[in-house]
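Participant: Sharing a structure below in structure tokens format, with a few things to ask.
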Amino acid sequence: MAVVNIGVLGGTFDPIHQGHLIIAEEVREQLKLDKVLFVPSGHPWLKQERIITSAQHRVSMLRLALASNPSFQISTVDVEREGPSYTVDTLVDLKRQFEDSAWFFFILGWDALRDLHLWKEPSRIIQQCRLVAVGRPGSAKPRLSALETTLPGISKNVLLLPKPLIGISSSEIRQRVSKGLSIKYLVPETVETYIREKGLYLT
């Protein structure tokens with residue numbers, strides 16, 4: 001059985017924006033991945049102080065945003081699981097789903113990579129996937145030697161991509177909507193229409 005190379009991009013996607021799509025496509029192309037799974041969080045443990053838009057809306061926006069790219073798919077393993085969403089649990093569920101037919105490339109930002117040792121069971125995370133860390137505007141490139149001091153063995157299983165640098169954030173989009181400002185070109189047109197029709201982010 002041929003092994004399928006799958007990118008995994010997790011997040012709240014509240015909402016999905018063009019930056020997510022550009023990064024996913026760039027990683028897919030650079031690493032010659034067969035597909036990229038977008039995995040919306042159920043209850044992200046790092047954002048429990050913030051009210052998250054319902055999973056139904058976030059998944060619906062993802063479906064609209066990904067519809068034109070056959071290499072992009074959605075996995076709802078996190079929103080279907082009760083309790084906080086942890087990356088290690090996501091990877092365990094995905095490996096169980098795909099059995100031995102897939103190898104995973106987990107996509108995250110440089111800032112998240114530096115804090116990986118604070119995540120739940122980080123050693124298990126790097127055992128189950130290859131980390132693909134993408135640069136973000138204003139974020140310094142992580143030093144692999146420093147990462148090794150907190151998480152031994154990580155430097156052998158991480159790929160640092162300096163580009164693309166995308167300065168779009170979901171929080172900025174939510175703020176713009178709440179202020180009545182345009183989000184055209186920040187999100188796909190179908191997502192912009194959905195946000196307007198459903199009255200999301202107005203308060």
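Where a number appears in this text, it was derived from the coordinates with a stated rule and is not lab data. Quantities reported herein were computed from a predicted structural model and do not represent experimental measurements. When we count neighbours, we look across all protein chains shown, and the Cβ atoms used for this are built from the backbone with ideal geometry, even at glycine.
Participant: Based on alpha-carbon centroids, what's the gap between the stretch 153-203 and the stretch 98-129 in Å, whole number please?
Facilitator: With the stretch 153-203 and the stretch 98-129 each reduced to a Cα centre, they are spaced 23 Å.
Participant: Which peptide among 172-178, 141-147 comes first, and what is the full order, when sorted by highest mean count of other Cβ atoms within 10 Å? Mind dumping the intermediate values first?
Facilitator: On the way: 172-178: 16.7, 141-147: 13.9.
Result, highest mean Cβ count within 10 Å first: 172-178, 141-147.
Participant: Also: What GluC sites (Glu not before Pro) does the stretch 45-140 have in DSSP loop regions with at most 15 other beta carbons within 10 Å?
Facilitator: Values: sites: Glu49, Glu80, Glu82, Glu99; in loops: Glu49, Glu82, Glu99.
The qualifying sites are Glu49, Glu82, Glu99.
Participant: Once the piece of chain linking Lys120 and Gln73 is laid out straight, how much longer is it, given 0.36 nm per residue of separation minus the C-alpha distance between them?
Facilitator: 14.4 nm
Participant: Could you work out how far apart the two model spin labels at Trp103 and Lys35 are, taking each label as a point 7 Å from the Cα in the direction of the beta carbon, and quote it in nm?
Facilitator: According to this spin-label approximation, the distance is 1.9 nm.
Participant: Given a Förster distance of 45 angstrom, what is the FRET efficiency for Arg50 paired with Ala2, based on the Cβ-Cβ distance and rounded to 0.05? Show your work: numbers first, answer last.
Facilitator: Details: r = 41 Å, r/R0 = 0.92.
After rounding, the FRET efficiency stands at 0.60.
Participant: A further question on this structure: So who's got an amide H within less than 5 Å of the one on Leu159, skipping anything under 5 residues away but keeping other chains? H placed 1.01 Å off N, in plane.
Facilitator: Leu131, Val132, Ala133
Participant: Classify the stretch 77-121 as rounded, prolate or oblate from the Cα gyration tensor: take a ≥ b ≥ c as the square roots of its eigenvalues, call it rounded if a/c is under 1.5, otherwise prolate when a/b beats b/c and oblate if not. Present the calculation step by step, with values, prior to reporting the outcome.
Facilitator: Values: a/c = 2.41, a/b = 1.33, b/c = 1.81.
Cα axes put the stretch 77-121 in the oblate bin.
Participant: Give the lysines reachable from Lys141 as a straight Cα distance under 27 Å; neighbours fewer than 8 places away on the same chain don't count.
Facilitator: The reachable lysines, counting only those whose Cα sits under 27 Å from Lys141, are Lys32, Lys35, Lys47, Lys120, Lys156, Lys163.
Participant: Hey, another quick one. Rounded, prolate or oblate: which fits the stretch 87-203, taking a ≥ b ≥ c as square roots of the Cα gyration tensor eigenvalues, rounded meaning a/c under 1.5, else prolate when a/b beats b/c?
Facilitator: Prolate.
Participant: Now for a separate question. Convert each backbone phi in the stretch 179-184 into a coupling constant with the Karplus relation 6.51 cos²θ - 1.76 cosθ + 1.60 (shift: θ = phi - 60°), then list the ³J(HN,Hα) values in order as whole Hz, x for Gly and Pro.
Facilitator: Residue by residue, the stretch 179-184 yields 9, x, 8, 6, 10, 4 Hz.
Participant: Can I ask one more? Indicate the gyration tensor shape class of the stretch 9-155 (rounded, prolate or oblate), computed on the Cα atoms with a ≥ b ≥ c the square roots of the eigenvalues: a/c under 1.5 is rounded; otherwise a/b larger than b/c is prolate and the rest oblate. Present the calculation step by step, with values, prior to reporting the outcome.
Facilitator: Working: a/c = 1.36, a/b = 1.27, b/c = 1.07.
It is rounded, given that a/c, with a ≥ b ≥ c, falls under 1.5.
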